[in-house]
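The values are calculated or read from the model by the stated rules, or taken from the named source; none is laboratory data. Worth saying up front: this structure is predicted, and the values here are computed from it rather than measured. Neighbour counts are summed over all protein chains in view; Cβ atoms, including those assigned to glycine, are modelled from backbone coordinates with ideal geometry.
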Amino acid sequence: MATIQINMHEAKTKLSHLAEKVWAGDKVVIAKSGKPYLDLLPHQPQKKRVAGHYKGKIKLADNFDETPLDVIEDFEGLS
């Protein structure tokens, strides 16, 4: 596995070639003004999110929607 550093302008013209290098296992670092700026990485599919994972696991206090007056006054700078 090799590390390739390439400047932004050159990366634009060689993107397909660089993508193949990344998929082959090489690390590609794109530089801006001679300094590392970003890494080119292969796409990693995201796992499908399933709603309801925490259903029944989170409990809210009975007075959750009631904000004490002193907290409101502090928040609004009235105290």
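Report yes if some residue within the range 29-51 is without any contact (Cβ under 8 Å) to a residue 12 or more places away in the chain and acidic (Asp, Glu); otherwise report no.
To start, the set of residues in the range 29-51 that are without any contact (Cβ under 8 Å) to a residue 12 or more places away in the chain comprises 33, 35, 38, 43-51.
Remaining after also requiring acidic (Asp, Glu): none.
No - not one qualifying residue is present in the range 29-51.
Could you grab me the full set of residues in the range 39-79 that are touching a helix residue (DSSP H, G or I) at 6+ places or on another chain (Cβ under 9 Å), assigned to a loop (DSSP other than H, G, I, E, B) and not β-branched (Val, Ile, Thr)? Selection gives LEU41, PRO42, LEU78, SER79. Under 6 Å between Cβ atoms, at least 6 apart or on separate chains: pull out the pairs that start in the range 61-73 with a residue that is surrounded by 10 or more Cβ atoms within 10 Å (Cβ to Cβ) and end on any residue that is of a type outside the set (A, V, I, L, M). Once the first residue is surrounded by 10 or more Cβ atoms within 10 Å (Cβ to Cβ) and sits in the range 61-73, its partners that are of a type outside the set (A, V, I, L, M) give GLU73/SER79. Scanning the range 1-16 for residues that are assigned to a strand (DSSP E or B) and surrounded by 11 or more Cβ atoms within 10 Å (Cβ to Cβ) gives ILE4, GLN5, ILE6, ASN7. Taken over the range 26-38, the criterion of being at pLDDT 95 or above and either aliphatic (A, V, I, L, M) or in a loop (DSSP other than H, G, I, E, B) (or both) is satisfied by ASP26, VAL28, VAL29, ILE30, ALA31, LEU38. For the range 1-25, how many residues are within 14 Å of PRO42 (Cβ to Cβ), over 23 Å from the mean Cα position of the chain (by Cα) and not small (Gly, Ala, Ser)? Qualifying residue count for the region: 3.
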